[in-house]
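This report refers to the structure that appears directly beneath it.
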Amino acid sequence: MLLYSIGEVAQLCDINPVTLRAWQRRYGLLKPKRSEGGHRLFDNEDVARIRAIRIWIERGVPVNMVKALLDGKAQPDHTANWALLQQQLLTLLHTPSPSKLRRRLFELGREYPAERLIENVLRPLRSQLSGDHELLQMLRGLLDGVIIEYATFCMIRARKKTGPTALLLGWHNVDHIELWLEAIILAKNGMHIDILPGTLTHPQPQLFKADHYFIHSRDKPNTLQQKMLAEWWSLGLNIRVIGSSVRLIEQTEPSIARG
C-alpha cells in the first residue's frame, strides 16, 4: 500500500498541512494512519477523500457539514454550490448573451439570500474579471450593467411595500458597483433606498430626510471622515458605515443603525 506523509499529500492535493490537521482534529474529516514515530500517513483513499472535501468546500459547503455529506448522512445543499453558479454566469458573459445573463441573475436573486449571493457569487466573479485587458473590462462592464438593472428592480419592488427609508452613498474611494450591491441587500431587507451612486469626498447626508443613512467605505475612515461621522451623529442622524471598512473600525455610537 502506497502511503504519503502529510507534506507529500499536501503538495499532491495543493492544500496547506495546517488545513489538513484542522480537518482531522476539529471536524473529524480524516483518519490518517500513524507511523511508528507517530507521524501521519495517508493512503490513496485519503487522497480521494481530501479532494472530495475540497470540492464541497469550494462550492460553499461549510466545513462542519462536509462529513455528513461524505458519509451519506445528508443530501447536498444546491444553494451552496457557489463555484458552479459563478461558472454559469461567467459562461453567459463569454457567450455573450445579455438577456440570458439577466434572466439567470434574476432567477438567482429569487432562489438565494441576497447577502450570500453577493458575497459568494457576484463579488468573486467581479474579482475574476478585474484587470486591464479590454475583454475583461467589457465582460465586467456587462455584468455590472445587469447588476445595476437588478438592483433597480429590487429597489422599485421594495417601495411597493411599507418600509423604512434609507439613503445610501459612498466616500470618494468606493467602487460604485458596491453601492448597487449594497442597495440589493438593503432593498431585500425591506428598505426604501435612495442611492447617490457618484463618488463624494464631502457628502452632506443631513440634506436628505431618511430613517437610516448608510455610507459605504472601502478603507478605514480617515481623521476628516471621523470628524464628519461625529458631526452627523451629533445631529441625530442614524448613520452606519458599511463595506470592508467595518472590519477595521469599532462603532460604539448608540445611534448607529444595527439592521
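The values are calculated or read from the model by the stated rules, or taken from the named source; none is laboratory data. No experiment lies behind these values; they were computed from the predicted model shown. Backbone-built Cβ (ideal geometry, glycine too); neighbour counts: all protein chains shown.
In the list 167, 122, which residue meets the criterion of being assigned to a helix (DSSP H, G or I) and crowded, with 20+ Cβ neighbours inside 10 Å?
The conditions single out 122.
Using the structure shown, decide if residue 159 is under 27 Å from residue 189 (Cα atoms), free of Cβ contacts under 8 Å to residues at least 40 places away in the same chain, surrounded by fewer than 18 Cβ atoms within 10 Å (Cβ to Cβ) and in contact with a Leu (Cβ under 7 Å, 6 or more places away or on another chain).
Spelling it out, it is not the case that residue 159 is under 27 Å from residue 189 (Cα atoms), free of Cβ contacts under 8 Å to residues at least 40 places away in the same chain, surrounded by fewer than 18 Cβ atoms within 10 Å (Cβ to Cβ) and in contact with a Leu (Cβ under 7 Å, 6 or more places away or on another chain).
So residue 215 clears everything in (1) within 30 Å of residue 97 (Cα to Cα); (2) not assigned by TED's automatic domain parsing to the domain that holds residue 121 except one condition, right? Which one?
With respect to (1) within 30 Å of residue 97 (Cα to Cα); (2) not assigned by TED's automatic domain parsing to the domain that holds residue 121, residue 215 is out only on (1).
Are any of the residues in region 182-199 loosely packed, with under 15 Cβ neighbours inside 10 Å and either part of a loop (DSSP other than H, G, I, E, B) or modelled with pLDDT under 90 (or both)?
For region 182-199, residues loosely packed, with under 15 Cβ neighbours inside 10 Å and either part of a loop (DSSP other than H, G, I, E, B) or modelled with pLDDT under 90 (or both): present.
Within region 1-21, how many residues are touching a residue at least 40 places away in the same chain (Cβ under 8 Å) and assigned to a helix (DSSP H, G or I)?
Looking only at that region, the number is 2.
Scan region 91-119 residue by residue and report those that are in contact with a helix residue (DSSP H, G or I) (Cβ under 9 Å, 6 or more places away or on another chain), over 18 Å from residue 181 (Cα atoms) and assigned to a helix (DSSP H, G or I).
Listed by number, the residues that qualify are 92, 93, 94, 98, 100.
With the requirement that a residue be modelled with pLDDT of 90 or more and assigned to a loop (DSSP other than H, G, I, E, B), what does region 130-160 give you?
Passing the criteria: 159, 160.
Scan region 207-231 for residues that are closer than 15 Å to residue 170 by Cα and either crowded, with 18+ Cβ neighbours inside 10 Å or in contact with a Pro (Cβ under 9 Å, 6 or more places away or on another chain) (or both) and jot them down.
212, 213, 214, 215, 216, 217, 225, 228, 229
For residue 147, indicate whether it is in contact (Cβ under 8 Å) with a residue 40 or more places away in the chain, touching a helix residue (DSSP H, G or I) at 6+ places or on another chain (Cβ under 6 Å), surrounded by 14 or more Cβ atoms within 10 Å (Cβ to Cβ) and over 22 Å from residue 88 (Cα atoms).
Considered against the rule, which asks whether it is in contact (Cβ under 8 Å) with a residue 40 or more places away in the chain, touching a helix residue (DSSP H, G or I) at 6+ places or on another chain (Cβ under 6 Å), surrounded by 14 or more Cβ atoms within 10 Å (Cβ to Cβ) and over 22 Å from residue 88 (Cα atoms), residue 147 comes out as no.
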